[in-house]
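Heads up, the thing below is written out as structure tokens.
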Amino acid sequence: MALQQGKYNIKAVSKMLGIQAGTLRAWERRYAIIEPKRNEAGHRLYTDEHIYIIKWLMNKVEQGFTISQAVDLLEHKEHSFKEEVTTDSKQHQDYAKQLADELLRALLAFDENQAKEVLDRAFSLFSIEKVAIDVLGSLLVQIGHLWERREITVAHEHYASSFLKAKIGNVMYHLPVDRYLPKVIAVCGLQETHELGLLIFTLFLRQRGFPVIYLGEGIPPEDLPIVVEEVEAKWVFVSCTMGEYALQTTQWLAQTKAHYPALQIGVGGPGIEYLSNDIKNKFKDMIIGNTKSEWEDWIHQSLKEN
């Protein structure tokens, strides 16, 4: 195959595609299916064509093929990688939304067995990050809309939250931690009772190796400085779901920042959208956004500043 110029290092490919760097190196070593170029320092550099190939292999593995079977299929392919990867991506996106809808129906029916089956199916098909963002993230939005329109009861919302908190926590605490990354505290904003958004963001951080101390909801504001000092945290992330407490939460965080100037503080969640544009502009350095790309950009910038 004619190769383009290499431009992605292995860390970038790992983050972009959600594949462990060790897995990628093993595929290269065992099957020699791609040969990344090396820069002057000897580091791997991958091309766009390599990205298409890796993504195609990952899609096949997610569909149930072994990696050796996927490689064999790849070696006998005659049509465009890009075309098939685009098609597979659209199909996977649609199926992720379907799984989110199925999971919502099961939880609103208090059907724990069905909910477990749907979530297990999601984790067997997709990466942890895709499940967190595309399945659970979609579910979170749906539950939020139903709650705002008073179409579900407090009991329904609490049951769904309890189930997802347990499942996400089980996954989260089995992920490896990179001790060289900043130590993080994750906590809900003032008067908050909704933890799902914070849990999904915490899972996003843990998959990237960040050591996260998850505090959740109900933490008195005077307790946060105690935890920050005790664990020597470098970052604090706060979830703000309820608009009526958004301003109070951002003011509290501004006071915390004044006492700990070196502490990186990020705040996100739908509640932020209820702030005026002037207030959002005042706290723009704290606002992390609501999409994966916005989270990535905020984290990248904060790591540079550290």
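Quote the relative contact order of the chain in percent (integer), defining contacts as alpha-carbon pairs under 8 Å separated by 6+ residues.
10
Counting Lys +1, Arg +1, Asp -1, Glu -1, what net charge surrounds E296 among other residues with beta carbon under 12 Å of its beta carbon?
0
To test your reading of the geometry: what angle, between 0 and 90 degrees and rounded to tens, separates the Cα axis of helix 81-108 from the longest principal axis of the chain?
Its long axis makes an angle of about 40 degrees.
What does the charge add up to near G271, with Lys and Arg as +1, Asp and Glu as -1, over the other residues with Cβ less than 10 Å from its Cβ?
Residues close to G271 contribute a combined charge of -3.
Distance between Cα centroids, the stretch 96-161 to the stretch 267-282: provide it in whole Å.
Here the answer is 26 Å between Cα centres.
Just tell me which lysines come within less than 25 Å, Cα to Cα, of K304; anything on the same chain fewer than 8 places away is out.
K7, K11, K15, K183, K234, K257, K280, K282, K284, K292
Using just the helices of the chain, give the 222 nm mean residue ellipticity in deg cm²/dmol: DSSP H runs with n ≥ 4 each add -39,500 (n - 2.57), and the total is spread over all residues, rounded to 500.
Result for the chain: -17500 deg cm²/dmol, rounded to the nearest 500.
Ranked highest first by the average count of other Cβ atoms within 10 Å around their residues, in what order do 210-223, 135-148 fall?
135-148, 210-223
Using a Förster distance of 51 angstrom, determine the FRET efficiency expected from the C-beta separation of E112 and A254, and round it to 0.05.
Working from the Cβ atoms, E equals 0.75.
Once you list every other residue whose beta carbon is under 13 Å from the beta carbon of L164, what net charge do they have if Lys and Arg are +1 and Asp and Glu are -1?
0
When only Cα pairs under 8 Å and 6 or more residues apart are kept, what is the percent relative contact order across the stretch 175-305?
The normalised contact order for the stretch 175-305 reaches 24 percent.
What is the spin-label model distance, in nm, from I33 to A12 if the labels are put 7 Å beyond Cα along the C-beta direction?
Taking the two extended label points, one gets 2.2 nm.
So what's the angle, to the nearest 10 degrees on a 0 to 90 scale, between helix 196-207 and the longest Cα principal axis of the chain?
The angle comes out near 40 degrees.
For the chain, just run the numbers: alpha carbon Rg, then divide by 2.2 N^0.38 Å, N being how many residues it has.
1.09
Convert 25 °C to kelvin, take the viscosity as 0.890 mPa s, use the Kirkwood radius over C-alpha pairs of the stretch 10-78 as Rh, and evaluate the Stokes-Einstein diffusion coefficient in µm²/s, rounded to a whole number.
197
Within the chain, what percent of beta bridges assigned by DSSP are antiparallel, to the nearest 5?
Of the beta bridges lying entirely in the chain, close to 15 percent run antiparallel.
With a 10 Å Cβ neighbour count serving as the proxy for reagent exposure, in which order, fewest first, do V61, V118, V231, V236 appear?
V231, V61, V118, V236
Looking at the stretch 89-170, I'd like the Rg to Rh ratio, where Rg is from alpha-carbon atoms and Rh is Kirkwood's inverse mean 1/r.
Looking at the stretch 89-170, the ratio lands at 0.95.
Counting other beta carbons within 10 Å of each Cβ, put K304, K280 in order, fewest first.
Ascending Cβ contact count within 10 Å gives the list K304, K280.
Hey, what angle do you get for helix 21-31 against the long axis of the chain, alpha-carbon based, 0 to 90 degrees rounded to 10?
Between the helix axis and the principal axis of the chain, the angle is about 10 degrees.
Provide R208, R179 in ascending order of the number of other Cβ atoms located within 10 Å of each residue's Cβ, fewest first.
Ordered by Cβ neighbours within 10 Å, fewest first: R179, R208.
Read-outs throughout are calculated quantities, based only on the coordinates presented, and are distinct from any laboratory measurement. Bear in mind the structure is a predicted one, so any value in this text is a computation, not a measurement. Neighbour counts are summed over all protein chains in view; Cβ atoms, including those assigned to glycine, are modelled from backbone coordinates with ideal geometry.
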